[in-house]
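What follows is a single structure, written as structure tokens, with notes after it.
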Amino acid sequence: MVKPGKFSVIRTVPAMRRWAEKNGGICGFVPTLGALHDGHVSLIKKARSENRVAAVSIFVNPLQFRKKQYLAYPRNLEVDLEIARKAGANVVFAPSAEEMYPAGFETGVTLPQFFQRLKPQGLEWHYKGVLVVVLKLLQLVRPSKVYFGLKDPHQLVLIERMVADLNIPVTVRKCPTVRERDGLARSSRNALLTPDERKAAPVIFRALSHGKREMESGASCAQAMAGMREMISAQPLASVELVEIADALTLAPPGNRTRDVLIFAAVRIGGKRLADNVRFRLK
Ligand code: PAF
């Protein structure tokens, strides 16, 4: 059990910089979009248990959303602050959009070439927005470790590449996805589902688990993916956006020698995009 310690909320860039000058080097950092759930709580607890202090950011990043999604994203800062504090955070950085992107802000990042062979094509703008905000947050908080869940493997692989390419002095810690009892991966987006959609959503994890069983019993990637698509399509509220099997270490298409496998699915449930994945090792 993590004992909550000293706790403060920072809203501005200069104040965050001042905090980081003293605490950055001993800090574990959990960047979030808010709407904190048990998945975030487990990341914050881990950050606190592995570092002298834990920092959390709560920022709905306009660069990674379409306008409509951005406006609809669940926001409840007071509730989030209490969750973060109880989980052991010492500081929450919760800037406004104007604070992070003042008038005149222009600089972006380029995605690495290998993103072209990953499947979430059409989402380049989204991942560029993620990298920009993560880079800015790492500059401001200056943590020694940063914590991410494994739920978005594309985001994670891009962040790891950026950290290596730009010599950012931080260790990226990857933590397992936290699930509801019925298997649905915890996500802030789950709050947007209607009761019927919520009932339908566990089909994603059932399909991923089915794909895993198939591959473990010798099915080809094509067979496993076909079975998964069929299973998801049988749920009337679900439509498959992407089912992908990849080498879990590189996200490249699996080859004969691939042992660490990642199965990834992005599914629209009543129009809301939910993504999940499973990782396993083939014998
Ligand atoms: O995964 C998320 O919650 C977001 O993409 C992140 C990393 C906090 C950047 O806004």
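The values are calculated or read from the model by the stated rules, or taken from the named source; none is laboratory data. Bear in mind the structure is a predicted one, so any value in this text is a computation, not a measurement. Cβ coordinates were reconstructed from backbone atoms using ideal geometry, including for glycine residues, and neighbour counts include every protein chain displayed. For accessibility, only protein heavy atoms count, side chains too; no ligands or nucleic acids. Shrake-Rupley method; radii C 1.70, N 1.55, O 1.52, S 1.80 Å.
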Of all the accessible heavy-atom surface of the chain, with the other protein chains kept in place and a 1.4 Å probe, what percent is carbon and sulfur? 52 percent
Inter-centroid distance (Cα atoms) of the range 124-171 relative to the range 230-270, Å: 23 Å
GNM of the chain, Cα pairs under 10 angstrom: of 78, 230, 124, the biggest fluctuation goes to 78
Can you give the helix-only mean residue ellipticity at 222 nm for the chain, where every DSSP H stretch with n ≥ 4 adds -39500 (n - 2.57) and the sum goes over all residues, rounded to the nearest 500 deg cm²/dmol? -11500 deg cm²/dmol
Can you list the HN-Hα couplings for the range 187-204, worked out from phi with the Karplus curve (6.51, -1.76, 1.60; θ = phi - 60°), rounded to whole Hz and with x for Gly and Pro? 7, 4, 5, 4, 5, 8, 7, 6, x, 5, 5, 4, 5, 6, 4, x, 4, 5
Difference of contour (0.36 nm per residue) and Cα-Cα distance, residue 66 to residue 180: 38.3 nm
If I take the Cα coordinates of the range 1-125 and project them onto the principal axes, what are the three extents in Å, biggest first? 44, 32, 30
Chymotrypsin sites (Phe, Trp or Tyr not before Pro) within the range 95-127, DSSP loop, no more than 14 other Cβ atoms inside 10 Å: 105
Of 213, 229, 85, the one that fluctuates the most in a GNM where the chain has Cα springs shorter than 10 Å: 213
Connecting every pair of Cα atoms under 10 Å apart in the chain and solving the GNM, the largest mean-square fluctuation among 202, 14, 253 falls on 14
Scaled by the rule-of-thumb 2.2 N^0.38 Å, the alpha carbon Rg for the chain gives a ratio of 1.02
Length added when fully stretched, residue 259-residue 239, from 0.36 nm per residue minus Cα-Cα: 4.3 nm
Please find the FRET efficiency linking residue 82 to residue 222, where r is the Cβ-Cβ separation and R0 is fixed at 51 Å, and quote it to the nearest 0.05. 0.60
Please turn the phi angles of the range 45-59 into ³J(HN,Hα) values with the Karplus equation 6.51 cos²θ - 1.76 cosθ + 1.60 (θ = phi - 60°), one per residue in order, whole Hz, x for glycine and proline. 4, 5, 4, 6, 6, 9, 9, 5, 9, 10, 10, 10, 10, 10, 7
Using Cα positions and a limit of under 17 Å, work out the lysines in reach of residue 174, with same-chain residues fewer than 8 apart set aside. 45, 46, 145, 151
When the chain is fully extended, how far beyond the present Cα-Cα distance does residue 110 get from residue 124, taking 0.36 nm per residue of separation? 4.1 nm
